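Remarks on the structure that follows.
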Amino acid sequence: MKVDVLLGLQWGDEGKGKVVDVLTPRYDAVARFQGGPNAGHTLEFEDKKYVLRSIPSGIFQHGQINVIGNGVVLDPVLFREEAEALEKSGIDLRRVLRISKKVHLIAPTHRLLDAANEKAKGGAKIGTTGKGIGPTYTDKISRNGLRLGDVYHNFKEKYSTMRNNHLARLKALNAVPENLEELEEKWLDAVMYMKGFQIVDSEFLIDDLLRQGKSILCEGAQGTLLDIDFGSYPFVTSSNTICAGACSGLGIAPNKIGEVFGIFKAYCTRVGSGPFPTELFDAVGKRIRDLGHEYGAVTGRERRCGWIDLVALRYSIMLNGVTQLIMMKSDVLDDFEEIKACTAYRIGGQETRRFPYSIDEAIEPVYETLPGWKTDMTSMQSEDEFPVEFKNYIDFLERELETPITIVSIGPDRKQTIIRKKH
Ligand code: GDP
Ligand code: IMO
Ligand code: MG
């Protein structure tokens, strides 16, 4: 039995899509377990670039089954857009994709509520992706949600109860748009479109696969520091992005989890509001943003950039039980004279290596400075070619994080991935 999990250890956009695509040939199925179209997972190969939002990143390999699990929230309109574009490029989605009956649906009024809630927060905005994620998970938890499987059970009636409830709230916030009916019509059309896909009891599908000795890779969305329980609350997303989310979001028992791949950038980024202790506001931060093309895959928003934060990474590794680390975007630092890594926080004169309850307060990062490698690594084929300074950076991180780095990414393309030998 084999279920491995790959997830982000920072604030999202670590490069999950790229690595899931690279690892997919090792598995029989790939499954998403939480989040929804707030995600934007980029894959590049054969001079083409794809951005996936709700569909797992395993669809471009050799016909593996791709599962959208019960923990995911789906917007039928965005799903349709994504699916139609993929089908146009030749992917036989209807054959490889399975969607849980239990996914919760994002309705147009959820998106309107997302926007209205943000507006009402004034200066304390979360900076959400505006995709209706928070309101949809709120309805799920408060037991007012609408699930995909409801298309077979009094759908219209259930939808209109939910919609009326939303409308009352939207009216109070003065946020009912004139074109609501038009939005609803398009949405209902897209719900019908979804019926053309394989809508299944995905927990049984996964159990069947495991009983047949098949292996599954679970694909995380967002990142550990955006987790609803352990992230920088309230500047987080509305789901459990940590490894435990793979169990509840797919119906997989914890004792079936094997490897946990924790993925991180050689530096750190964040999009949206909220604290970010190692954020750089100077020319170095701008340089990282420019060299790393740090702009949102979906929203195009500028990503905030800073040095790697080992306090936060240690916390993420602990929460997820990470067994292997994957370092992304190492090439972005190829031309830096020196590289900094935050090894501890200084709070009120006291140094700590523990991630504190609130990272809102004045935190002074304690940095270790390492020499840069000043070498273009983007066309290297093996770790033997790595410059000594980069090897030292890897050794330093492995020591600090007490976990092996088994994969290093040196560019956005599928091919720019170095699988390290066991040390
Ligand atoms: P995800 O949400 O975790 O899948 O990550 P995103 O796709 O949102 O953001 C990662 C970005 O970095 C994408 O534009 C990728 O094409 C790009 N990328 C991934 N790995 C590397 C790498 O090793 N080097 C560089 N330069 N870019 C990378
Ligand atoms: P991937 O899977 C980066 C952030 C938003 C905002 C907060 C809440 O591509 O790594 P939400 O719309 O979820 O209610 O927004 O979470 N956020 C992400 N940041 N990558 C993502 O996904 C994100 N998904 C949500 O910017 O700060
Ligand atoms: Mg992304």
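The values are calculated or read from the model by the stated rules, or taken from the named source; none is laboratory data. The model shown is predicted, which means the values in this text are computed figures rather than measured ones. Because the Cβ atoms are built from the backbone with ideal geometry, glycine has one as well, and the counts that use them run over all protein chains shown. Accessible surface is based on the protein model in full, side chains and every heavy atom, while ligands, DNA and RNA are left aside. Shrake-Rupley method; radii C 1.70, N 1.55, O 1.52, S 1.80 Å.
So the values come out like this:
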{"item": "Relative frequency of Cα-Cα separations exceeding 16 Å in segment 142-240, percent", "result": "74"}
{"item": "Net dipole in debye of segment 194-349 [+1 Lys, Arg Cβ; -1 Asp, Glu Cβ; about Cα centre; nearest 20]", "result": "180"}
{"item": "Exposure of Arg414 as accessible area (Å², to 10), given a probe of 1.4 Å and all protein chains", "result": "60"}
{"item": "Alpha-carbon spread of segment 206-297, three principal axes, descending order, Å", "result": "54, 28, 20"}
{"item": "Rounded accessible area of Val388 (nearest 10 Å², 1.4 Å probe)", "result": "90"}
{"item": "For segment 256-354, average projected area of the Cα convex hull in nm²", "result": "8.1"}
{"item": "Largest-first principal axis extents, alpha carbons of segment 317-421, Å", "result": "46, 32, 22"}
{"item": "Selected from Ile407, Tyr367, Leu310, residue furthest toward positive end of dipole (segment 306-423; charges at beta carbon)", "result": "Ile407"}
{"item": "Rg and Dmax [Cα atoms of the chain; Å; Rg one decimal, Dmax integer]", "result": "21.4, 65"}
{"item": "Segment 366-417 - Rg over Rh from alpha carbon coordinates, Kirkwood radius", "result": "0.98"}
{"item": "Chain lengthening between Ser89 and Asp413 when straightened (0.36 nm per residue, less Cα-Cα)", "result": "114.8 nm"}
{"item": "With DNA, RNA and ligands ignored, accessible area of Tyr233 (1.4 Å probe; Å², nearest 10)", "result": "150"}
{"item": "Point-charge dipole on Cβ atoms (K/R +1, D/E -1) for the chain, about Cα centre, debye to 20", "result": "1160"}
{"item": "For q = 0.13 Å⁻¹, Debye-computed log10 I/I(0) when each Cα of segment 1-145 counts as one equal scatterer", "result": "-0.61"}
{"item": "Given charges at beta-carbon only (K, R positive; D, E negative), |dipole| of segment 141-259 in Debye", "result": "260"}
{"item": "Hits among aspartates and glutamates - C-alpha to C-alpha of Lys18 under 12 Å, sequence gap 8 or more where chains match", "result": "Glu44, Glu219, Asp413"}
{"item": "Rh (Kirkwood; distinct C-alpha pairs) - segment 87-177, Å", "result": "14.7"}
{"item": "Rule-of-thumb Rg ratio for segment 340-398 [Cα; 2.2 N^0.38 Å; N residues]", "result": "1.54"}
{"item": "Compactness of segment 249-305 as Cα Rg over 2.2 N^0.38 Å, two decimals", "result": "1.56"}
{"item": "Partners for Lys186 among aspartates and glutamates (Cα-Cα distance below 13 Å; same-chain residues under 8 apart left out)", "result": "Asp75, Glu81"}
{"item": "Residues whose placed amide H lies under 5 Å from that of Met328, excluding near-sequence neighbours", "result": "Phe264, Lys265, Ala266, Ser409"}
{"item": "Accessible-area order (highest first, 1.4 angstrom probe) of the listed residues Glu87, Glu383, Glu337", "result": "Glu337, Glu87, Glu383"}
{"item": "Average Cα contact separation per residue, the chain, under 8 Å, 6 or more apart, as relative contact order %", "result": "20"}
{"item": "20 Å tail of the calculated P(r), segment 28-111, as % of Cα pairs", "result": "28"}
{"item": "27 Å Cα-Cα threshold exceeded, pairs from Lys121/Lys156; Lys48/Lys125; Lys131/Lys256; Lys131/Lys340; Lys16/Lys286; Lys48/Lys102", "result": "Lys121/Lys156; Lys48/Lys125; Lys131/Lys256; Lys131/Lys340; Lys48/Lys102"}
{"item": "Listed residue (Tyr27, Pro108, Gly40) projecting farthest to the positive dipole end of segment 12-113, Cβ model", "result": "Pro108"}
